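Below is one structure, written out as structure tokens, with a few remarks after it.
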Amino acid sequence: MLAGRDDILHYIPQRYPIVMVHELMDAGDDYAVTQLTIEPDNVFVSSGYFAEPGLVENIAQTAAVHVGYQCSKKNIPIPIGYIAAVKDLKIETLPKQNSLIITSVKVTNKVLDITVVQGKIEQDGKVLCSCEMRIFAKVQS
């Protein structure tokens, strides 16, 4: 594990209750893997399941953790990112509360301030959700 719950907050702008990543498990120049335990009081839990907006936010925050972690290693400012587009969103099933999901992102393209990632969420080896996400990132002055 590269970063735990307390460390994650150094790499993303979100704060509780909107933090949707608990641990950074692995990261390289163009990929990251995170974990999230879906707790019953999570703002995206509805009727015992982690809802669709939470899945999308989880992928976006995994991408944000990746950028934040890489920038911290290079000692450069961490940019703020915004979801510019979500493409080919596929949701197979919603995970239950009190379960663990593993999310991975892979950078597939980067042009100026836009980064394109392919994201997927898995549980017990099964893909629950996948999409392509375009993220606009800019260092705040």
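Data for the structure
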| item | result |
| --- | --- |
| Within-14-Å neighbourhood charge of Lys110 [Cβ basis; K, R +1; D, E -1] | -1 |
| In Å², nearest 10: area of Ser99 left accessible to a 1.4 Å probe | 20 Å² |
| Point-to-point label distance, His10-Val86, nm (Cα→Cβ direction, 7 Å offset) | 3.0 nm |
| Net charge over other residues, Cβ less than 14 angstrom from the Cβ of Asp6 (K, R count +1; D, E count -1) | 0 |
| With every protein chain in place, the chain: carbon and sulfur % of accessible area (1.4 Å) | 52 percent |
| Where Tyr11, Tyr82 fall by accessible area, highest first, once all protein chains stay in place (1.4 Å) | Tyr82, Tyr11 |
| Surrounding net charge for Ala85, when Lys and Arg each add one and Asp and Glu each subtract one, Cβ distance under 11 Å | 0 |
| Computed FRET value (nearest 0.05) for Gln35 with Val111, which takes r as the C-beta separation and R₀ as 22 Å | 0.15 |
| Spherically averaged projected area of region 1-78 from its Cα convex hull (nm²) | 4.9 nm² |
| Solvent-accessible surface (1.4 angstrom probe) belonging to Glu23, in square angstrom, nearest 10 | 50 Å² |
| Exposed-site-free run, longest, the chain (rule: trypsin sites (Lys or Arg not before Pro); DSSP loop; at most 10 other C-beta within 10 Å) | 75-141 |
| Translational diffusion of the chain, µm² s⁻¹ [Kirkwood Rh, Cα pairs; Stokes-Einstein; 25 °C; 0.890 mPa s] | 164 µm²/s |
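The values are calculated or read from the model by the stated rules, or taken from the named source; none is laboratory data. Fair warning: this is a prediction, and the values are worked out from it, not measured in the lab. Cβ coordinates were reconstructed from backbone atoms using ideal geometry, including for glycine residues, and neighbour counts include every protein chain displayed. Heavy atoms of the whole protein, side chains included, go into the accessibility calculation; ligands, DNA and RNA do not. Shrake-Rupley method; radii C 1.70, N 1.55, O 1.52, S 1.80 Å.
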